[in-house]
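S.K.: Sharing a structure here in structure tokens format.
The values are calculated or read from the model by the stated rules, or taken from the named source; none is laboratory data. Remember, predicted model here, so these are calculated numbers, not experimental data. With ideal geometry, Cβ positions are generated from the backbone for all residues, glycine too; neighbour counts draw on all protein chains shown.
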Amino acid sequence: MKKRFCLLSAVMVVIMTFTLSFSAYAFKWPWEKDEKVGNVREETTGPIKIGFMGNLSSPFSLSSKGAAQMAVDEINAAGGILGKQVELIIEDTKGEIPKCVEIYKKLVIVDKVLAVVIAEKVEMSAAGMEIGAELFPEYPHLFFSTIGSGDVIWQRVRDNYSKYKFGFQTYYAISTHYLQIFSGMFTDIYKNTMGIKKVALIYEDMEWTKPLREGIPGVSPRLAEVYKQAGLDVVYETTLSLDQKMFNSVFEEVAASGAEVIDCVIGYIDEASFIKQWEQSSARNTQWIIWGGLAGMPPIWKMTGGKVLGGMVGSSMVAVDITPKTIPFMTNLYTKYKVGPIFGSHTTYDTLYGFKKALETGKTLTNIDTMIQNLETVEEVAVLGTIGWDAKNHYNLPSPKYVTPIIQWKADGKMYVIYPKEYQQKPYESPVDIRK
């Protein structure tokens, strides 16, 4: 009996010793997760990885891809970030939200990127941001939306900072900034350059135009109300489906309304068809201004057979020396990366330089909270002004920090800046005068 008791005691001592030794080394079973202290990543020895995704059949995403690669090449040639080289991992969403979500997971979990860049419409960025929020506690990382201009990204940060603080909206204007920027510029152009006051408003049915069409309670009014307060008369309003191809009836209604200018809050519809049908309609002598998109790119002249003549549009594809970075960026993007400098390309390029400055200011590649805090205060010279992010809402700093040139198509088949006046290359001409 005594021997059995001694044997049992010896076994218990061995088990306790074995258990304590494993406890000393913080043993965890395979199904247990490591507890993280704050939003801190593991130290890595390889390059800093940045994931880039977009619809690579879209000119916006293709231009942004070229700009991202150019920024990375320049940064690496200058010594990298905190002594580390940067690796850009490029993925194609093909414009599909489920694919975007899977790519996002792969970039964060498998590739272990420090930052994800989505250079696509805001609906895609919103889907990516949502899966990013699920991954963030276990896989701390940063997220940048560099093309989407809808308000859903910054509103998530505003409404639930702790969940979405990793996300930054770096397109040059969110929808509410669009309201401030374009309504002010266009009011000035309509009243003081064109000498008119009757406005027709045409919107496309997308997320980014919704705050302009409907307003945001407690945040911003409808665009029509802003124009009315500025002394303009909105005599016509309509919203176009994104897949709409026939616009003749719309232009006939505009002509019947007596509008003196067609204010087109569009960027993604078939602008080539839109312009060709305008030129053949009863409204062909009514000036149009398009907020962005294909109308501000060189191929539109050939695509419309020159019918874009006289049209006005917000465009970044004219070489105007706004900052020391403007001309070199445009020249290198054309010559070395074979794409045009569409607006999303500027903000993608600027984002990576803002990201670099924030990391170098915080002197860390592991502490995400420090990176976020520095992104909230950083300002850096950009292609069209200054890049930086609002500390509370994480949207890009608005005008006049970032400049939006307004161009007009002239008879030689080229675009010229007509506004702001300090960058004006040629004066405004009416559709009637410019065709003479």
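S.K.: Hey, among the residues in the range 98-124 that are touching a Ser or Thr at 6+ places or on another chain (Cβ under 7 Å) and at pLDDT 95 or above, which one's surrounded by the fewest Cβ atoms within 10 Å (Cβ to Cβ)?
M.R.: LYS99
S.K.: Has the range 74-87 got any residue that is assigned to a helix (DSSP H, G or I) and among the aliphatic types (A, V, I, L, M)?
M.R.: Here is the first cut: in the range 74-87, the residues assigned to a helix (DSSP H, G or I) are 74-77.
Keeping just the survivors that are among the aliphatic types (A, V, I, L, M) gives 75, 77.
The answer is yes; a qualifying residue exists.
S.K.: Output the strands (runs of 3 or more DSSP E) that fall wholly within the range 124-235 and possess 3 or more residues being farther than 30 Å from THR370 by Cβ, or say none. Step through it out loud before you land on a result.
M.R.: Values: elements: 142-145, 167-169, 198-204.
It comes to 198-204.
S.K.: Can we say GLY95 is surrounded by 21 or more Cβ atoms within 10 Å (Cβ to Cβ) and either in contact (Cβ under 8 Å) with a residue 24 or more places away in the chain or not assigned by TED's automatic domain parsing to the domain that holds THR366 (or both)? Show your work before the answer.
M.R.: Working: surrounded by 21 or more Cβ atoms within 10 Å (Cβ to Cβ): no; either in contact (Cβ under 8 Å) with a residue 24 or more places away in the chain or not assigned by TED's automatic domain parsing to the domain that holds THR366 (or both): yes.
So GLY95 does not fit the description; no.
S.K.: Looking at VAL381, VAL417 in this structure, which one is in a strand (DSSP E or B), touching a residue at least 24 places away in the same chain (Cβ under 8 Å) and more than 30 Å from GLY310 (Cβ to Cβ)? Give the steps one after another, and end with the answer.
M.R.: Details: VAL417 fails: more than 30 Å from GLY310 (Cβ to Cβ).
Residue meeting the stated conditions: VAL381.
S.K.: Let me ask something else. Please go through the range 243-264 and pick out each residue that is farther than 14 Å from GLN277 by Cα, at pLDDT 95 or above and charged (D, E, K, R).
M.R.: GLU260, ASP263
S.K.: Another question, if that's okay. Among the listed residues LYS325, LYS357, LYS363, LYS338, identify the single one that is among the charged types (D, E, K, R) and without any contact (Cβ under 8 Å) to a residue 24 or more places away in the chain. Working first, answer last.
M.R.: Numbers: LYS325 fails: without any contact (Cβ under 8 Å) to a residue 24 or more places away in the chain; LYS363 fails: without any contact (Cβ under 8 Å) to a residue 24 or more places away in the chain; LYS338 fails: without any contact (Cβ under 8 Å) to a residue 24 or more places away in the chain.
Only one candidate qualifies: LYS357.
S.K.: Consider only pairs whose beta carbons are under 7 Å apart and that are at least six residues apart or on different chains; among these, list those whose first residue lies in the range 236-256 and is surrounded by 15 or more Cβ atoms within 10 Å (Cβ to Cβ) and whose second residue is in a helix (DSSP H, G or I) and among the hydrophobic types (A, V, I, L, M, F, W, C).
M.R.: Cβ pairs passing all conditions: TYR236/VAL254; GLU237/ALA224; PHE247/PHE274; PHE251/TRP278.
S.K.: ASP151 is checked against (1) among the acidic types (Asp, Glu); (2) surrounded by 17 or more Cβ atoms within 10 Å (Cβ to Cβ); (3) under 19 Å from GLU91 (Cβ atoms) and fails just one. What number does that condition carry?
M.R.: Against the list (1) among the acidic types (Asp, Glu); (2) surrounded by 17 or more Cβ atoms within 10 Å (Cβ to Cβ); (3) under 19 Å from GLU91 (Cβ atoms), ASP151 comes up short only on (3).
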